[in-house]
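The values are calculated or read from the model by the stated rules, or taken from the named source; none is laboratory data. These numbers were taken from a predicted model, which means no experiment stands behind them. With ideal geometry, Cβ positions are generated from the backbone for all residues, glycine too; neighbour counts draw on all protein chains shown.
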Amino acid sequence: MIKRQDNLSSIENRIRQMESVIASKIERPAEENIASGDISKQVGISDNLSMVMVNDKGASQFFGSSSGFSIFSPRGLQWIYKKTHSKDLEDLITEVRRLDPETWDQGSWSKYLNVAWYPLPESMRQPFPTREVALAYVEEYFLSFNSIFPLFNRETFNPRFESQYSQNPPTIDTDVSWYACFNMVLALGSAIISTSYPTRQYCDILESEVPSKYFANATSVFIDLQFGCPNLMTVQAVLAIIFMLQGTPNHVAPYTLASIAARLSHTIGLHRWLDDYGITKDQAEERRNVFWMLYIVDKEMSLQSGRPPIIHDQDIGVALPKEIPNRLFPSGLPIYNTFHVSAKLAMIEGRVYSELYSARARSKSVLQRLVAIGKLDDELQKLRDAVPIKIRPEHKIVCDERQLLPVIMLHHSFYNCLTAIHRVSIFHGPWTSDPGSQNLPNHNINLSPRVYESEAICVEAARHAIATLEYFEGERPPPMIWLAISQPLCGALALFANILQHPEDPNAYTDLNLVSRVVATLGSLFASGRIYMGTSTLWIFQELYYIAEKFLAKEMQSRAAKAEQQQHQDAPPSQVQGIAQSIESLSLPSDLGPPSQLLQDVNFNDDMLMFMGSNTMYGLGEQYETSESEWLDPKDVNQCLLR
């Protein structure tokens with residue numbers, strides 16, 4: 001009996017040893033692998049929804065899968081070809097990439113505008129205005145911009161302003177950070193005033209002469225800001241430059257500047273609460289506001305471009321910006337605290353990237369990602385519901401005109417974040433999901449019901465984003481056009497994909513009309529000379545519209561033919577006329593037309609149509625007669641460039 005017990009004990013010990021060996025061979029979770037330096041699970045994962053744009057000169061740009069433009073990725077283009085059997089879009093994109101990298105809308109354009117990233121001689125600097133004029137710019141800046149984005153503390157700013165107009169003012173050599181900050185306040189203030197006039201021609205904020213000169217003053221000391229002794233004003237100056245550049249087609253410079261500003265902020269400890277180091281309450285509050293403004297910029301750029309953020313959430317030691325008491329604009333309308341909401345939204349955006357789009361996230365199982373989608377979506381919906389109803393996303397905006405663009409930016413950030421969350425879902429669509437992952441086992445798990453509605457959620461977000469264009473129709477074009485139109489462009493892409501995937505959708509032609517509206521808006525601004533450097537964007541989205549239009553027409557004809565054939569086979573003669581009438585009702589809606597028809601009230605001036613060449617601007621001369629029914633082709637640009 002004792003021997004038998006010994007044998008059982010021996011067997012149990014050997015079983016425990018075997019279990020230990022087996023357990024040691026089981027792969028550790030991705031988090032543990034990262035902690036131990038093992039990233040093998042992240043290496044080599046296919047990322048066909050990302051793309052690298054490389055032109056003939058070797059210039060390149062990377063866009064990750066969280067970008068709203070990921071349909072231009074290899075998988076996206078293959079899916080479009082599979083659906084339409086047309087390579088027109090791919091050929092057009094190839095044609096655009098062959099152009100000089102500076103003609104990519106996001107490329108360098110400083111030599112075409114009054115912008116300098118190098119020191120300027122004193123003779124080329126714009127002198128400061130008189131105190132009276134400067135005060136008008138400062139007042140407008142603090143009322144319209146700083147009240148919404150609190151970059152500066154007015155109590156700290158005022159003594160410096162008075163010193164600037166004293167008998168012994170600071171100079172560019174004695175205080176370069178103040179020089180840059182003051183110029184940016186003048187630039188933003190004068191830009192806001194200049195865009196208030198209904199007769200203004202340009203929507204690109206840097207195309208106004210006065211703001212661009214002060215902006216050039218600030219950027220001319222950028223080297224000193226970057227490599228000099230950093231302080232709070234250094235970060236404030238770089239942030240102000242970023243905000244102004246965000247209203248232009250150049251998103252490369254803001255992305256680069258944001259990384260520089262983040263490093264400078266870490267250098268002076270903005271990510272830490274330092275109230276025990278002799279810093280006053282106002283100084284601590286200003287530091288906190290500057291940090292969160294930078295955080296918002298960093299997270300939004302990360303999600304929009306599909307590139308990793310600079311600031312790590314695990315190393316933030318400063319509280320969220322405080323709730324601002326209710327204040328009023330001169331119009332009597334409230335100043336809504338969009339800054340606090342934007343900071344909370346940016347935190348969700350950061351988690352969306354890290355939990356759904358990072359290399360580590362891509363190594364997770366489908367089920368883990370679906371659970372993350374449900375949690376992030378729930379947090380985003382709770383944040384939306386906490387926003388005041390008059391500026392809440394998915395609702396009509398009612399606010400002072402000074403806050404209209406910031407509120408629309410908040411809406412666009414919400415729609416972009418919502419779309420980024422649900423684009424990852426395997427239930428969104430075939431071109432965004434992993435092949436073979438649609439058959440998810442164990443559907444009776446505790447998943448959010450909205451996970452199964454991801455595709456519809458993305459489409460509805462796209463419609464809402466495009467609907468924001470109505471706030472800038474007629475005589476009210478947006479002062480910073482690229483901020484106002486970037487998310488509607490992404491929305492047009494989402495609707496384009498949905499049209500190809502679901503041509504039988506009752507809303508297909510309505511969605512096609514929305515795509516046409518986006519193209520028409522961009523085209524009208526370009527044709528009227530209000531913006532330049534948008535040619536390649538216009539070509540591509542015009543081609544998207546025509547591809548979708550042809551696809552729907554073909555599908556409509558195919559369904560009509562099938563219905564007629566089925567009628568002859570099954571229906572009695574008495575039903576022939578009724579089915580014929582049903583087929584007739586499938587015709588193209590009368591209110592739908594190509595973008596050119598929506599531009600019938602635009603006065604096309606050939607001299608205003610400008611194209612970016614490698615070294616100069618070329619106007620289309622009298623040889624190029626452009627009418628409302630004709631759109632420009634890449635070949636036209638090449639012909640201009642070869643002159």
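Here are some notes:
- The set of residues in the range 304-331 that are part of a helix (DSSP H, G or I) and hydrophobic (A, V, I, L, M, F, W, C) is empty.
- Enumeration of residues in the range 138-163 that are part of a helix (DSSP H, G or I) and over 18 Å from Phe329 (Cβ atoms): Glu155, Thr156, Phe157, Asn158, Pro159, Arg160, Phe161, Glu162, Ser163
- Checking each residue in the range 79-94 for being in contact (Cβ under 8 Å) with a residue 40 or more places away in the chain and closer than 24 Å to Cys458 by Cα picks out Trp79, Ile80, Lys83, Thr84, Leu89.
- Any hit, the range 173-188, residues being surrounded by fewer than 18 Cβ atoms within 10 Å (Cβ to Cβ) and either touching a Pro at 6+ places or on another chain (Cβ under 8 Å) or not in a helix (DSSP H, G or I) (or both): yes
- Qualifying positions in the range 112-137 - closer than 21 Å to Ile242 by Cβ and assigned to a loop (DSSP other than H, G, I, E, B): Tyr112, Leu113, Asn114, Val115, Ala116, Trp117, Tyr118, Pro119, Leu120, Gln126
- Of Ile373, Ile389, Ile397, all but one fail to be hydrophobic (A, V, I, L, M, F, W, C), on the phi < 0 side of the Ramachandran plot and surrounded by 18 or more Cβ atoms within 10 Å (Cβ to Cβ); the exception is Ile373.
- Residues in the range 492-539 that are in a loop (DSSP other than H, G, I, E, B) and modelled with pLDDT under 85 were compared, and the one that is nearest to Thr419 (Cα to Cα) is Gly534.
- Scanning the range 117-135 turns up one or more residues that are modelled with pLDDT of 95 or more, farther than 30 Å from Val341 by Cα and buried (at least 18 other Cβ atoms within 10 Å of the Cβ).
- The listed residue being in contact (Cβ under 8 Å) with a residue 40 or more places away in the chain and within 20 Å of Trp178 (Cα to Cα), out of Arg287, Arg272: Arg287
- The single condition among (1) among the basic types (Lys, Arg); (2) within 22 Å of the chain's Cα centre (by Cα); (3) surrounded by fewer than 20 Cβ atoms within 10 Å (Cβ to Cβ) that Lys364 does not meet is (2).
- Among the residues here, Tyr214 qualifies as surrounded by 24 or more Cβ atoms within 10 Å (Cβ to Cβ), of a type in the set (Phe, Trp, Tyr) and under 18 Å from Val176 (Cβ atoms).
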